[in-house]
Amino acid sequence: MKIGIPRGLMYYKYFPFWKTLLEDLGNEVVVSPHTSRRILEAGVESCVDDICLAVKIFCGHVLALRGQADCIMVPRLVSVEKNGHDAFTCPKLIALPDIARHSLEGVPEIVELVVDVQRRPLWNSVARFASNFTWNPLSIRRAYLHALEVQDRYDALLCKGFAPDQAMKQLESSNGNGRDAPLPQEPPSLCVALLSHPYLIFDDFLNQGLRGMLQRMGARVLLPTMLDANLIKREASCYEALSWSYERDLVGAASYFLKNPEVDGVIFLISFACGPDSLVTEIVMREVRRKGDNPIMPLVIDEHSGTAGLHTRVEAFVDMVERRKTRQVGAECVPQGAGELSGRASL
Amino acid sequence: MKITFPHMGRAYIPIQGLLEKAGLETVVPARPHRRGVELGARYAPEFVCLPFKSTLGDFIDGLEKGADTLAMVCGMWACRFGYYGRVQHQILRDLGYEFDSILIGKDDLMTVLRKFISAMPKKKRLRRIVAAIVMFRARARLVDEWEWQARRMRPVERISGSADEVLSAFFTRLETAPNLRSVRRLRREAMKALAKVPLREDRRPLKVALLGEVYMVLEPNLNLELERGMGELGMEVHPVLTTYRWLLKPFRILDPRIELTEAWARRVSRPYVRYVLGGEEHWTIAGTIQAAKRGYDGVVHVYPLTCMPENICRSILPKVTEKYNIPLLDLCFDEHSSPVGIRTRLEAFGDLLERRRSSTPAAGSG
Ligand code: SF4
Ligand code: SF4
């Protein structure tokens with residue numbers, strides 16, 4: 001069977017797992033093209049006005065797969081960890097297949113991979129999902145283990161600083177153990193951390209090439225995906241628990257970035273109308289900031305046209321960070337209220 | 001200890017009864033109004049949902065009136081509501097207010113109870129608690145009953161607004177009703193007074209289900225008196241969620257129907273939303289289906305801007321209403337919504353329903 005996978009939301013996090021699994025089960029995988037204006041517009045048109053930008057883009061990707069595949073796989077991530085507390089993902093991720101199935105016109109059949117680790121282990125979910133394609137439990141098990149292993153290698157590559165596209169290419173070309181060339185980044189003069197979900201950080205259309213922009217401004221870019229998962233957990237545990245798993249990781253990463261002297265500034269990238277992040281920003285700005293004093297700038301992206309905004313804001317922020325750094329080097333850490341900028345940029 | 005708590009429709013009447021009967025001092029903030037909401041919006045995160053802003057405004061008002069303890073329900077749900085209390089109290093502390101916060105649901109039950117009980121007068125505690133719960137239930141039921149009466153009468157009254165006028169006086173009196181006997185007396189008096197309101201027997205009102213995010217459904221000052229407006233336009237409003245249901249949900253044992261209907265709603269909405277999203281999504285979907293099956297004339301779906309579960313419902317609802325063939329009106333509110341705009345859309349919707357009914361005379365008399 002030809003199975004389409006939309007290049008949006010958790011694609012950036014779990015695609016190698018899905019792909020390996022599906023291919024090992026004897027399917028062909030098609031991915032929608034990179035986000036473009038056409039995809040964005042299709043998504044915006046088919047969605048409710050005030051749903052978050054990330055979901056709109058996802059819907060655009062689903063629509064782009066019409067006629068390309070026999071069915072489309074949409075993950076339903078209900079909970080992704082089991083830690084004795086309640087844990088969820090964002091409601092929109094929980095209802096993603098429902099949205100795709102009931103609100104988009106003319107899409108092929110939607111198959112959903114339900115991940116609800118609170119209720120059943122990942123293996124059970126995968127076995128259920130895979131029984132759509134084969135009856136043979138042995139090959140399911142084999143595919144599952146293989147997929148897990150590929151995913152691990154992928155995560156390791158992301159941790160080294162590869163972007164998803166590069167990491168996937170590496171996985172294909174040399175089974176992942178080939179060149180360990182880290183990203184071609186200049187020896188750091190300035191280090192800016194980008195705090196956000198992978199689908200905002202790595203979708204270069206959505207964020208208008210923010211990573212490249214920062215690099216051109218002479219900054220090394222640090223991402224939450226480059227941090228060790230345990231480190232994030234440890235940092236997050238200093239704060240009152242959030243039951244949104246991905247958001248808790250954001251708080252953990254924020255805490256690390258804000259405290260770490262190596263990091264000169266943090267940009268918190270937020271999708272317009274994102275539900276959880278509207279509160280998480282507040283938690284980060286109020287609670288987490290208290291313990292660290294690196295400058296941080298929330299940056300909201302929405303879909304309305306006009307490009308110059310984001311560039312100007314980021315430039316201003318980087319300038320500020322740079323000035324602050326030279327001053328600090330000169331005056332050996334005079335405690336100073338880090339200036340705060342906030343911004344809203346449009347696509 | 002002077003407790004304040006945020007508003008949600010007329011829920012404050014039973015809650016106040018509960019706390020005062022238990023011997024605690026309460027401060028009821030002013031009913032949400034433009035300025036209060038704007039005040040809340042000023043300090044709240046920009047993109048947070050409207051109930052957050054409004055309840056933050058309530059807290060500020062309560063604190064300014066001298067409250068020293070803020071109570072709020074919260075929990076570990078998938079939706080934002082679970083974090084309201086925590087973030088709001090943080091914002092208020094940063095603003096320089098000092099208070100004790102009781103987050104019901106996050107602090108475990110015993111801690112919360114102990115806090116309440118230790119603030120109660122020393123004598124006859126058990127009796128007070130029982131009396132408080134009885135009072136709570138009595139007031140909640142009466143509020144519910146009156147609200148339903150108003151909904152039924154509004155579309156058929158001769159002088160529009162007369163039922164509301166009668167009832168608003170009674171609501172004010174209920175706020176200060178000291179004991180069960182006076183609650184019962186109020187109920188009798190209200191019945192008599194309502195019987196005198198002149199009605200037009202010839203009019204057959206449109207039946208419209210009202211569903212969506214619970215706060216927007218229940219808070220007249222935020223939904224711009226939606227129920228009243230709909231009533232004046234000749235619609236008999238049937239909200240799926242009522243203050244009574246919302247209040248008694250945590251005390252299921254007091255009314256087993258709540259649990260049963262909850263399970264029913266989940267089951268009916270399953271083909272459309274398979275998992276719990278943490279809001280009222282199951283009621284929105286199940287309510288629509290039920291409205292269609294019972295032959296209502298239409299459904300009105302209300303929610304605050306960027307509300308997650310209701311946004312998802314809104315994406316799905318067109319499919320549901322198409323399948324069950326029932327007209328739908330979506331109303332999305334934020335702090336800038338204008339009464340005129342809402343009114344215009346309601347009028348157009350009312351016309352549509354009238355036309356639809358006259359073209360299919362058999363339907364609509366559910
Ligand atoms: S976390 Fe935010 S951006 Fe991501 S799907 Fe949920 S609402 Fe959208
Ligand atoms: S249900 Fe909607 S309004 Fe209520 S907390 Fe959730 S997002 Fe906000």
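The values are calculated or read from the model by the stated rules, or taken from the named source; none is laboratory data. This structure is a prediction, so every number in the text was calculated from the model and none was measured. Don't worry about glycine lacking a Cβ; one is built from the backbone with ideal geometry, like all the others, and counts go over all protein chains shown. To get the accessible areas, we keep the full protein, side chains included, count just its heavy atoms, and leave off ligands, DNA and RNA. Shrake-Rupley method; radii C 1.70, N 1.55, O 1.52, S 1.80 Å.
Tabulated data
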| read-out | value |
| --- | --- |
| Choice from A:D264, A:D302, A:D152 with maximal GNM fluctuation in chain A (Cα, 10 Å cutoff) | A:D152 |
| Angle in degrees between helix B:34-43 and the longest Cα principal axis of chain B, rounded to the nearest 10 | 60 degrees |
| Sequence-distant aspartates and glutamates (8 or more away, or on other chains) whose Cα lies within less than 17 Å of B:K21 | B:E175 |
| Alpha-carbon centroid distance for the pair the range A:212-249 / the range B:277-353, whole angstrom | 39 Å |
| CD proxy at 222 nm, helix term only [per DSSP H run n ≥ 4: -39500 (n - 2.57); per residue of the protein assembly as shown; nearest 500] | -15500 deg cm²/dmol |
| For B:R355, solvent-accessible area (1.4 Å; no DNA, RNA or ligand), Å² | 150 Å² |
| Computed magnitude of the charge dipole of the protein assembly as shown (debye, nearest 20; Cβ of K, R +1, Cβ of D, E -1) | 2920 debye |
| Carbon and sulfur %, accessible surface of the protein assembly as shown computed with the full protein complex present, 1.4 Å | 53 percent |
| Accessible surface of A:E247 - all protein chains present, 1.4 Å probe, nearest 10 Å² | 10 Å² |
| Cα lying deepest toward the dipole's positive end in the protein assembly as shown, options A:Y199, A:H304, A:P91, charges on Cβ | A:P91 |
| Nearest-10 value in Å² for the accessible area of A:C238, using the 1.4 Å probe | 70 Å² |
| Full-extension gain in nm, B:S358 to B:I117, via 0.36 nm per residue minus C-alpha separation | 80.8 nm |
| Chain A: proportion of alpha-carbon pairs further apart than 25 angstrom, % | 54 percent |
| Cα gyration tensor shape of the range B:1-105, rounded if a/c is under 1.5, else prolate or oblate by comparing a/b with b/c | rounded |
| Inter-label distance for A:R323 and A:S139, nm, one decimal - labels placed 7 Å from Cα along Cα-to-Cβ | 6.5 nm |
| On Cα atoms only, tilt of B:256-269 relative to the major axis of chain B in degrees | 50 degrees |
| Residue order for A:T225, B:T172 - accessible surface, 1.4 angstrom probe, largest first | B:T172, A:T225 |
| Eligible lysines near B:K65 by straight Cα distance, threshold 19 Å, same-chain separation 8 or greater | B:K2, B:K53 |
| Surrounding net charge for B:R274, when Lys and Arg each add one and Asp and Glu each subtract one, Cβ distance under 9 Å | 0 |
| Table column - 3J(HN,Hα) (Hz), the range B:289-299, Karplus curve with 6.51, -1.76, 1.60, x for Gly and Pro | 4, 4, 4, 5, 5, 8, x, 5, 7, x, 10 |
| For A:G265, distant residues with modelled amide H under 5 Å away | A:C191, A:A193 |
| Whether the protein assembly as shown is rounded, prolate or oblate, judged on the alpha carbon gyration tensor where a/c under 1.5 counts as rounded | prolate |
| Per-residue HN-Hα couplings for the range A:208-225 [Karplus 6.51, -1.76, 1.60; θ = phi - 60°; Hz; x = Gly/Pro] | 6, x, 4, 5, x, 4, 5, 5, 5, 7, x, 10, 7, 9, 9, 10, x, 5 |
| The range B:2-120: relative contact order in percent, alpha carbon pairs under 8 Å with at least 6 residues between | 27 percent |
| Average accessible area per residue (Å²) across the range B:228-331 - probe 1.4 Å, nucleic acids and ligands excluded | 37 Å² |
| Choice from A:F129, A:F272, A:F257 showing the highest fluctuation, given a GNM over chain A with Cα pairs closer than 10 Å | A:F129 |
| Solvent-accessible area per residue for chain A (1.4 angstrom probe, square angstrom) | 41 Å² |
| Charge tally in the Cβ shell below 11 Å around A:F15, where Lys, Arg are +1 and Asp, Glu are -1, A:F15 excluded | +2 |
| Those residues of the range A:189-223 whose amide nitrogen sits under 18 Å from the label point placed on A:T312, 7 Å along Cα→Cβ | A:208 |
| Charge context of B:H301, other residues only, Cβ under 13 angstrom, K/R +1, D/E -1 | -3 |
| Simple label model, 7 Å out from Cα along Cβ direction - A:N83 to B:L180, nm | 4.8 nm |
| Among A:S237, A:S196, A:S255: highest mean-square fluctuation, GNM of chain A, C-alpha pairs under 10 Å | A:S237 |
| Which listed pairs, of A:K291/B:K249; A:K13/A:K233; B:K123/B:K192; A:K56/B:K249; A:K56/A:K169, have C-alpha distances above 29 Å, in listed order | A:K291/B:K249; B:K123/B:K192; A:K56/B:K249 |
| Integer Hz, Karplus 6.51/-1.76/1.60 couplings in order for the range B:124-133, x for Gly and Pro | 6, 5, 4, 4, 4, 5, 4, 4, 5, 5 |
| Simple spin-label estimate for B:L260 and A:R234 in nanometres, 7 Å along Cα-Cβ | 5.5 nm |
| Interface A:B - total buried accessible surface [probe 1.4 Å, Å², rounded to 100] | 3400 Å² |
